[in-house]
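Engineer: To start, I am sharing the structure in question, which I have written as structure tokens.
Values in this text are rule-based calculations from the coordinates and carry no lab data. Keep in mind that this is a model prediction, so the values were computed, not measured. Ideal geometry is used to build each Cβ from the backbone, glycine not excepted, and the neighbour counts take in all protein chains shown.
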Amino acid sequence: MPTAHHQAIDRLGDGLVATAWAPDGVIEAVEPGNAGGPFLLAVQWHPEAGTDPRLIEALVAAASAA
């Protein structure tokens, strides 16, 4: 992942669940803990700078379905 940590999540907000971590234990992605609802995925990296298109594809698919 194209990432450089100079800030990080300290505490998750209500209803959020950590779903990705860096090797040093820093939370790198959070999603809603409940199933369904609007598309929500917060990341601590630059997905547009990487080589894995899945996050951007999921955003486009969610926006297209709205």
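Engineer: Which value in Å does the Kirkwood hydrodynamic radius of the chain take, with 1/r averaged over all unlike C-alpha pairs and then inverted?
Structural biologist: 13.0
Engineer: If you filter segment 11-66 for chymotrypsin sites (Phe, Trp or Tyr not before Pro), then keep DSSP loop positions with at most 10 other Cβ within 10 Å, what is left?
Structural biologist: none
Engineer: Can I ask one more? If the chain between Asp24 and Leu59 were fully stretched, how many nm would it gain, using 0.36 nm times the residue separation less the Cα-Cα distance?
Structural biologist: 9.9 nm
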